[in-house]
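Colleague: What follows is a single structure, and I will ask about it in a moment.
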Amino acid sequence: MDTEKVDTLIIGGGLSGIYAASLLAAGKKSLALLEARPRVGGRILSPEYQGFFTDLGPSWYWPMINPKIENLIQVLGLKGYPQFETGLGRFQAKDGHAETIAGYPMDPPGWRLSGGMISIVRRLCEQIPRDVIRLNHPVCEIQRLDKGIQVIVGRHDQEPKCRLKASNIILALPPRLAAGSILFTPDLSYDLTQAMLRASTWMAGQAKFFALYDKANWRTTGLSGQGFSLCGPLGEIHDGSNGENMPYGLTGFVGIPALRRKKREIMIQAILAQLPLLFGQEAGQPVGIYYQDWAKEEFTATEYDQRAAHNHPEFQPPSGKTSIWDNTFHFAGTETADDFGGYLEGALSSAERAVSASIQSC
Ligand SMILES: Cc1cc2nc3c(=O)[nH]c(=O)nc-3n(C[C@H](O)[C@H](O)[C@H](O)COP(=O)(O)OP(=O)(O)OC[C@H]3O[C@@H](n4cnc5c(N)ncnc54)[C@H](O)[C@@H]3O)c2cc1C
């Protein structure tokens, strides 16, 4: 088996990995990005319905406090629009009884992106040479050599698919997932491994639902599309409509913890029974339905993520380290960011930090 050699190897094709690749692609060093899934985007997932992109991962950015995302959206020529929040909200008690309540606008205001969040990734990919991104390339081992690093691609229980060598690597995936699924030689220190395992992967335990409609009937009855429920299955609901035109949408997070969630079809039926109680009969008859259980995704969630994290953790580089192995191994990924860890903003800042360390180490 031939071993390809590159200057920099990026592991993970989510926003942080793809953004890092787009920054490095402008330079002269050779580059490869290994992505386990058959698609790029990672936690960004926006399936298309008749030209509209439903965000089943992140759907908001906050222009007032997310300067990097806001700037990237402008630079890439993309357009955002404010989350629709006009009108009253709905609240469902534990016994299923629903009542109308005052609206509760986001503070600071959240914005959605025309073309879905995946349009950021798509535009960035246009700046990366085609042969750089290798889909279906799960990394299972990372070995430090006398000179440089070797990465083995494949499954632990199968023959390796290929090997690549690099002068330096950027690990652009959740630290917990990396510590739980990749073998490191030599061993990472006990403290670093524990810190990586403890860094919960933001939203990895969540499931998200999107229902599309030709009309936004809830709006005509004075409702904003916002809802909170203590009985579920959806715990939090928002208007997920297209900016100016059809389709209209209701989207929400499942409130039932991953361990207690039933099969997809059963969950969808239960959600379709819940929506009319909150937003009227028509809400139970969408023209399109999407459901994504992130806790079941092997390239996002681990066993540790099956219990939901309720508060936003204070993320930071694992064990305070941004690079290891004599500055040849750099951490990226939103859970390693100093600020806005867990968010898209943190994915960008962690990528910028790793790219600048990688350029210095080459
Ligand atoms: C339901 C949900 C809602 C969210 N809402 C928001 C929001 O509204 N606003 C916001 O700012 N953020 C939100 N987030 C968080 C946001 O999605 C993340 O901050 C961001 O997408 C993380 O990007 P990343 O590149 O750091 O990680 P990831 O997107 O997780 O990328 C890691 C990549 O590594 C790949 N990979 C994994 N293992 C391997 C391996 N062994 N070998 C090779 N590749 C591998 C994965 O397939 C993936 O592509 C949400 C997330 C979810 C799930």
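Colleague: What residue among Asn242, Asn136, Asn71 has the largest mean-square fluctuation in a Gaussian network model of the chain, using Cα springs under 10 Å?
Modeller: Top of the fluctuation ranking is Asn71.
Colleague: Among Val40, Val153, rank each residue by its count of other Cβ atoms within 10 Å, from fewest to most, as a rough exposure measure.
Modeller: Details: Val40 23, Val153 19.
Ascending Cβ contact count within 10 Å gives the list Val153, Val40.
Colleague: Under 1.5 on a/c is rounded, so check that first for the stretch 96-147, then, if it is not, pick prolate when a/b is larger than b/c and oblate when it is not; a ≥ b ≥ c are the square roots of the alpha carbon gyration tensor eigenvalues.
Modeller: In terms of gyration-tensor shape, prolate.
Colleague: Looking at the chain as a GNM with Cα springs under 10 Å, which of Gly148, Gly80, Gly222 has the largest mean-square fluctuation?
Modeller: Of Gly148, Gly80, Gly222, the Gaussian network model singles out Gly222 as fluctuating most.
Colleague: Can I ask one more? Past 27 Å, Cα to Cα: identify those pairs from Lys94/Lys262; Lys28/Lys68; Lys165/Lys208; Lys68/Lys262; Lys5/Lys161, in the order given.
Modeller: With Cα atoms farther than 27 Å apart: Lys165/Lys208; Lys68/Lys262.
Colleague: Oh, and also: Per residue and in cubic angstrom, what volume does the convex hull of the Cα atoms of the chain have?
Modeller: Per-residue hull volume (Cα only) is 137 Å³.
Colleague: Right, another one. What are the semi-axes of the equivalent ellipsoid of the stretch 143-241, taken as the square roots of 5 times the eigenvalues of the Cα gyration tensor, listed largest first and rounded to whole Å?
Modeller: Listed largest to smallest, the semi-axes of the stretch 143-241 are 46, 17, 12 Å.
Colleague: Where Lys and Arg each count +1 and Asp and Glu each count -1, what net charge lies around Gly205 among other residues with Cβ under 11 Å from its Cβ? Kindly include the intermediate steps, with their values, before the conclusion.
Modeller: Numbers: positive: Arg261, Lys296, Arg307; negative: Asp293, Glu297, Glu303, Asp305.
Neighbourhood net charge equals -1.
Colleague: Moving to a separate point now. What size of dipole, in debye to the nearest 20, comes out for the stretch 149-271 about its Cα centre when the only charges are +1 on Lys and Arg C-beta atoms and -1 on Asp and Glu C-beta atoms? Provide the component values of the computation, followed by the final result.
Modeller: Values: 14 positive and 9 negative charges, 56 e Å.
Charge dipole, the stretch 149-271, about its Cα centre: 260 debye, nearest 20.
Colleague: Something else about it: Helix-derived [θ] at 222 nm for the chain: sum -39500 (n - 2.57) over DSSP H runs of at least 4, divide by residue count, nearest 500?
Modeller: Dividing the helical sum by the residues of the chain leaves -6500 deg cm²/dmol.
Colleague: Please get the size of the charge dipole for the chain, origin at its Cα centre, with Cβ charges of +1 on Lys and Arg and -1 on Asp and Glu, quoted in debye to the nearest 20.
Modeller: For this selection, approximately 480 debye.
Colleague: To one decimal place, what Kirkwood hydrodynamic radius in Å is obtained for the stretch 251-362 from all pairs of distinct Cα atoms?
Modeller: 17.1 Å
Colleague: Shifting gears a bit: Would you order Glu48, Glu141, Glu126 from fewest to most other beta-carbon atoms within 10 Å of each residue's own beta-carbon?
Modeller: Glu126, Glu48, Glu141
Colleague: Taking neighbour counts of Cβ atoms within 10 Å as a proxy for exposure, in what order, fewest first, do Tyr290, Tyr190 appear? Provide the component values of the computation, followed by the final result.
Modeller: On the way: Tyr290 20, Tyr190 9.
Exposure proxy ranking, most exposed first: Tyr190, Tyr290.
Colleague: Expressed as a rounded percentage, what relative contact order does the stretch 72-152 have, with Cα pairs under 8 Å and six or more residues apart?
Modeller: Value for the stretch 72-152: 25 percent.
Colleague: A further question follows. Determine the shape class of the stretch 3-143: with a ≥ b ≥ c the square roots of the Cα gyration tensor eigenvalues, call it rounded for a/c under 1.5, and otherwise prolate if a/b is greater than b/c, oblate otherwise.
Modeller: Details: a/c = 2.86, a/b = 2.04, b/c = 1.41.
Prolate.
Colleague: Let me see the P(r) profile for the stretch 210-276: every Cα-Cα distance counted, bins of 5 Å, each bin given as a percent of all pairs.
Modeller: Spelled out per bin, shortest first, that is 4, 17, 27, 24, 16, 9, 4, 0.
Colleague: Something else about it: All other residues with a Cβ under 15 Å from the Cβ of Leu348 taken together, and with Lys, Arg as +1 and Asp, Glu as -1, what is their net charge?
Modeller: -2
Colleague: Residues with beta-carbon under 12 Å from that of Leu56, excluding Leu56: net charge, scoring Lys, Arg +1 and Asp, Glu -1?
Modeller: -2
Colleague: What is the dipole size for the stretch 64-107, taken about its Cα centre, with +1 at each Lys and Arg Cβ and -1 at each Asp and Glu Cβ, in debye to the nearest 20? Spell out each step's value before the answer.
Modeller: Numbers: 4 positive and 5 negative charges, 36 e Å.
Roughly 180 debye for the stretch 64-107.
Colleague: Once you have the alpha carbon radius of gyration of the stretch 135-181, what is it after dividing by 2.2 N^0.38 Å, with N set to its residue count?
Modeller: In units of the globular-protein estimate, the stretch 135-181 measures up at 1.14.
Colleague: Would you mind computing Rg(Cα) / (2.2 N^0.38 Å) for the stretch 56-126, counting N as its residues?
Modeller: The stretch 56-126 yields a ratio of 1.43.
Colleague: Considering only DSSP beta bridges whose two residues both sit in the chain, what percent are antiparallel, to the nearest 5?
Modeller: Of the beta bridges lying entirely in the chain, close to 60 percent run antiparallel.
Readers should treat all values here as calculations from the given coordinates under stated rules, not as data from a laboratory. These numbers come from a predicted model, not from an experiment. A quick note on method: Cβ atoms are made from the backbone with ideal geometry, for glycine too, and the neighbour counts reach across all protein chains shown.
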